[in-house]
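Engineer: I am attaching a structure below and will ask some questions about it afterwards.
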Amino acid sequence: RHPPGDPSFFELKSINELAARAAELVRMLLAYSRKQTFRQDVLDINEVLGDYRILLRQIIDERIKLDMVLGRDMPYVRADKSQLETALTNLCTNARDAMLEKNGSGELVVRTSRSDAAAARKDGFNHVEEGEYLLIEVSDNGCGIPPEMIDKIFQPFETTKEQGKGTGLGLATVYGIVKQSGGYIYPVSKVGHGTTFKIFLPAYTPKAEEKPKHEEAAAAAQADAKPTDLAGRGRILLVEDEDGVRGIAAQLLSSCGYQVMEAGDGEEALDLIKEQSGAIDLLISDVVLPGIDGPALLKEARPYLSGARVMFISGYAERDLAKTLDEERTISFLPKPFTLRQLAERVKQELEAVEAA
């Protein structure tokens, strides 16, 4: 509501940018502490990297040569695709910076192969448990990591970059994502010659219905397309115990044309769901609530929700939520902190899915 000519525009823009930076720091710390909520899917890593290459080419400098060497007959893995891409992005941007710092150019190689614990032991890394793994290697010919830094690189706020360049959380984030995926990561580096980060992800044997299909991937990509028109119709129950968050979200959704009911805790929400049995199109609920929490509310409310969609919002991982998301694939999840536009886009997608059904 404050366009560029408004006297408050500059200050509001600064507030928005600083809030976005704070939100990104929160996400990094949650990743490092392994408190993010993951939605794990069965992934064909070569397929993931094939799509990711386009994005990666835009991220790294044109002076960097990019090469992807994808192995054959690769095992599947179970991981969160977006989190894995975040980890790879952090590794590749670090590699880019190291190569540009050394000689203004370089070569980045991303390689996949089958592997096992014996391969890690050859590198002197003895913590990988026995079993079959998918190995992702990210190699650069940059300046390398000094020996005294090797044992510290995954610690938060440890960085070799100049002050003001980077947060010192990039590799800590990568470590948290890999560990929460059940995997292992370590560097092999030589000063002046470059560094290779090796990620070991446990191989997974999927059931027939779990195997990723090209058609399903295309459908998922289409579902992820962000709507440009955020207006819509439908009855929404918004359950959030923080008055400020709930009030602003309800105001936004009402302005988009939705009928919005509000509840400040699980008990109040359950009463409303029973009163409005079968009339709610979308339930949006925080996970951590006073009294009945989000997953418990869903369990109690199921008989009264009919064909309603369910979307959980939360700032950090809850074991019950992770289990619920894993068991019920139709439930969506929006991690806090999110922007109002992200909320409106997701709500539009969910209610369009109700109409389609």
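The values are calculated or read from the model by the stated rules, or taken from the named source; none is laboratory data. Being a predicted model, the structure only gives us computed values, none of them experimental. Every residue, glycine among them, receives a Cβ derived from its backbone with ideal geometry; neighbour counts consider all protein chains shown. Just so you know, the surface numbers come from the protein's heavy atoms only, side chains and all, with ligands and any DNA or RNA stripped out. Shrake-Rupley method; radii C 1.70, N 1.55, O 1.52, S 1.80 Å.
Engineer: Against the definition (aromatic (Phe, Trp, Tyr) and either closer than 28 Å to VAL138 by Cβ or at pLDDT below 90 (or both)), how does TYR186 come out, yes or no?
Structural biologist: yes
Engineer: Does GLU107 meet the test of being in a loop (DSSP other than H, G, I, E, B) and either crowded, with 17+ Cβ neighbours inside 10 Å or modelled with pLDDT of 90 or more (or both)?
Structural biologist: It is false that GLU107 is in a loop (DSSP other than H, G, I, E, B) and either crowded, with 17+ Cβ neighbours inside 10 Å or modelled with pLDDT of 90 or more (or both).
Matching residues to (1) surrounded by 19 or more Cβ atoms within 10 Å (Cβ to Cβ); (2) modelled with pLDDT of 80 or more:
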position	(1), (2)
ALA308	yes, yes
LYS323	no, no
ASP326	no, no
GLN342	no, yes
VAL354	no, no
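Engineer: Quickly run through the stretch 258-282 and pick out the residues that are open to solvent by 50 Å² or more (accessible area, probe 1.4 Å), outside any loop (DSSP other than H, G, I, E, B) and closer than 23 Å to GLN349 by Cα.
Structural biologist: Correct list: GLN259, GLU262.
Engineer: Have a look at LEU56, LEU49, LEU100, LEU88 and point out the one that is open to solvent by 20 Å² or more (accessible area, probe 1.4 Å), of a type in the set (A, V, I, L, M) and in a helix (DSSP H, G or I).
Structural biologist: The conditions single out LEU100.
Engineer: What about GLU129, is it open to solvent by 40 Å² or more (accessible area, probe 1.4 Å) and in contact (Cβ under 8 Å) with a residue 12 or more places away in the chain?
Structural biologist: Yes; evaluated as a whole, the condition is true for this residue.
Engineer: Further question on the same structure: Is the stretch 149-160 home to any residue that is closer than 28 Å to PRO202 by Cα, modelled with pLDDT of 90 or more and open to solvent by 30 Å² or more (accessible area, probe 1.4 Å)?
Structural biologist: Scanning the stretch 149-160, I find no residue that is closer than 28 Å to PRO202 by Cα, modelled with pLDDT of 90 or more and open to solvent by 30 Å² or more (accessible area, probe 1.4 Å), so the answer is no.
Engineer: Check the stretch 61-84 and report whether any residue there is within 24 Å of LYS179 (Cβ to Cβ), open to solvent by 30 Å² or more (accessible area, probe 1.4 Å), polar (S, T, N, Q) and free of Cβ contacts under 8 Å to residues at least 60 places away in the same chain.
Structural biologist: Scanning the stretch 61-84, I find at least one residue that is within 24 Å of LYS179 (Cβ to Cβ), open to solvent by 30 Å² or more (accessible area, probe 1.4 Å), polar (S, T, N, Q) and free of Cβ contacts under 8 Å to residues at least 60 places away in the same chain, so the answer is yes.
Engineer: In the stretch 243-250, is there at least one residue being touching a residue at least 60 places away in the same chain (Cβ under 8 Å), under 27 Å from the mean Cα position of the chain (by Cα) and surrounded by fewer than 19 Cβ atoms within 10 Å (Cβ to Cβ)?
Structural biologist: Yes: the stretch 243-250 contains one or more residues that are touching a residue at least 60 places away in the same chain (Cβ under 8 Å), under 27 Å from the mean Cα position of the chain (by Cα) and surrounded by fewer than 19 Cβ atoms within 10 Å (Cβ to Cβ).
Engineer: With respect to SER285, is the statement that it is of a type in the set (Ser, Thr, Tyr), part of a helix (DSSP H, G or I) and either over 14 Å from ALA344 (Cα atoms) or open to solvent by 50 Å² or more (accessible area, probe 1.4 Å) (or both) true? Spell out the reasoning first.
Structural biologist: On the way: of a type in the set (Ser, Thr, Tyr): yes; part of a helix (DSSP H, G or I): no; either over 14 Å from ALA344 (Cα atoms) or open to solvent by 50 Å² or more (accessible area, probe 1.4 Å) (or both): yes.
No, not satisfied.
Engineer: Here's a follow-up. Let me spell it out: the conditions are (1) modelled with pLDDT of 85 or more; (2) surrounded by 14 or more Cβ atoms within 10 Å (Cβ to Cβ), and GLY315 meets all of them except one. Which number is the exception?
Structural biologist: (1)
Engineer: Right, something else. Scan the stretch 4-44 residue by residue and report those that are open to solvent by less than 80 Å² (accessible area, probe 1.4 Å), modelled with pLDDT of 75 or more and outside any helix (DSSP H, G or I).
Structural biologist: Scanning the stretch 4-44 gives GLY5, ASP6, SER8, GLN40, ASP41, VAL42, LEU43, ASP44.
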